[in-house]
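Here the structure is laid out as structure tokens; the discussion comes afterwards.
Nothing in this text is a laboratory measurement; each read-out follows from the coordinates by a stated rule. These numbers come from a predicted model, not from an experiment. All Cβ positions, even for glycine, are placed from backbone atoms using ideal geometry, and neighbour counts span all protein chains on display.
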């Protein structure tokens, strides 16, 4: 996969070209709410997720919209590695509560934010009853949307590291 920026004749940033095998996308302007929701839910295909992540580094508007729909981003550093929890406000008005880590990924939709948060707390406690939070555990600015991104984080990828607050 290759990601290249393209500029206008005046030299201002216009968007990204993303190539992956035979596919090529050109993203000018901003990403749709549907794409941001798919990304937050871990459903956006890998090549498009990479392009969106690059776009989020420079686009305050798209980052603000993503932050608006991602109501809860939390990471626990367990003995099995980082384990993420997220609540995403869906276009339907429901709330998607999901967990993911190296070996597990799953979640459910809820009618209320409170129901989604209770599910995340209860299910995490059931999966990791021995876990005691350390100062490293806590809210994140943005966490990897897909389990595959955890490998980048554990290998020290700059992009994955930038997503976590210091």
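Table for the structure above
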{"read-out": "Approximate spin-label separation residue 34-residue 134, in nm, with each point projected 7 Å along Cα-to-Cβ", "value": "4.3 nm"}
{"read-out": "Packing rank of 29-38, 120-129, where each peptide gets the mean count of other beta carbons within 10 Å, highest leading", "value": "29-38, 120-129"}
